[in-house]
Amino acid sequence: VWTCSEFSRAAFAPYARTFVLPHVVKRLKPSPQDIAWARERLGMEGKRTGRDFYFYTIVDSVNPRKNLETLLAAFSAAFSGEKGVHLVVKQYREACDLSEFPGVVNLPEMLSDEQISALHAVCDVYASAHHAVALGSPLSEAMAFGNPVIATGYSGTMEFMNDTNSFPIPFTLFSVPEPICKALPQLFHHGMTWADLDTG
């Protein structure tokens, strides 16, 4: 088995010979047209000031492992009602309705690689509250663009994140909730653990 991080290698190691083959992180330069699209799509055109700030994330919103719910709750608790602070959520696979969250800019549509690069170029801080990921390619891409990353300090992201180059959030390991194991038995089973952010 070839996998992308030491975290994943350790998970596979009891069952197969496993080797780490890291993903290549390419910084794709967006065109001026892609930048213009991103600024217009996010509502930056004509009103971006020094007070405007854009957090962003790229997430499979219906996958409980990606933990979008906690990210939305943390953003709402910290910035609810604060003008000029936004959370851009680029969703893929099945998209959720996020209209109830003030300050959230929802991107449920398909985007090209160049448009994704434009998001990295125009947004300010990448954020992720994941329970666990194999590597976290969007986070590494954000760092390649020089953007600060705030994310759970656990799993494959720690292949490239540390206290000197990003903001790993402390966590506690918990058992994957039984309802999730029952709903997704092909992915999760009793005894599995994942990280929950320490939000106290």
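Roughly how big is the chain's charge dipole about its Cα centre, with Cβ charges of +1 (Lys, Arg) and -1 (Asp, Glu), in debye to the nearest 20? Working shown, then result.
Working: 16 positive and 21 negative charges, 67 e Å.
Taking the Cα centre of the chain as origin, the dipole is about 320 debye.
First select every other residue whose beta carbon is under 10 angstrom from the beta carbon of residue 1; then total the charges, Lys and Arg +1, Asp and Glu -1.
On the way: positive: 9, 17; negative: none.
Summing Lys/Arg as +1 and Asp/Glu as -1 gives +2.
Note on segment 30-166: Rg/Rh from Cα positions, Kirkwood definition for Rh, rounded to two decimals, is 0.93. Helices in the chain, meaning DSSP H runs of at least 4 residues, each add -39500 (n - 2.57). Divided by all residues, the mean residue ellipticity at 222 nm is -7500 deg cm²/dmol. Over all other residues within a Cβ to Cβ distance under 15 Å of residue 168, the charged ones net out to -4, with Lys and Arg as +1 and Asp and Glu as -1. Charged neighbours of residue 74, selected by a Cβ distance under 13 Å, balance to -3 (K, R count +1; D, E count -1). With all protein chains in place and a 1.4 Å probe, the accessible surface of segment 144-200 carries 61 percent carbon and sulfur. Taking all protein chains into account, the per residue accessible area for segment 26-154 stands at 48 Å² (1.4 Å probe). What the Cα convex hull of segment 1-76 gives, in volume per residue, is 169 Å³. From the largest down, segment 149-188 spans 39, 17, 12 angstrom on the principal axes of its Cα atoms. Of interest is the spacing of the C-alpha centroids, which for segment 154-171 and segment 104-139 amounts to 17 Å.
How would you rank 58-67, 101-110, highest first, on the average number of other Cβ atoms within 10 Å across their residues?
Details: 58-67: 18.8, 101-110: 15.4.
Final packing ranking: 58-67, 101-110.
The values are calculated or read from the model by the stated rules, or taken from the named source; none is laboratory data. As the structure is a computational prediction, the values presented were derived from the model and not from experiment. When we count neighbours, we look across all protein chains shown, and the Cβ atoms used for this are built from the backbone with ideal geometry, even at glycine. Remember, those area values only see protein heavy atoms, side chains included, never the ligands or the DNA or RNA. Shrake-Rupley method; radii C 1.70, N 1.55, O 1.52, S 1.80 Å.
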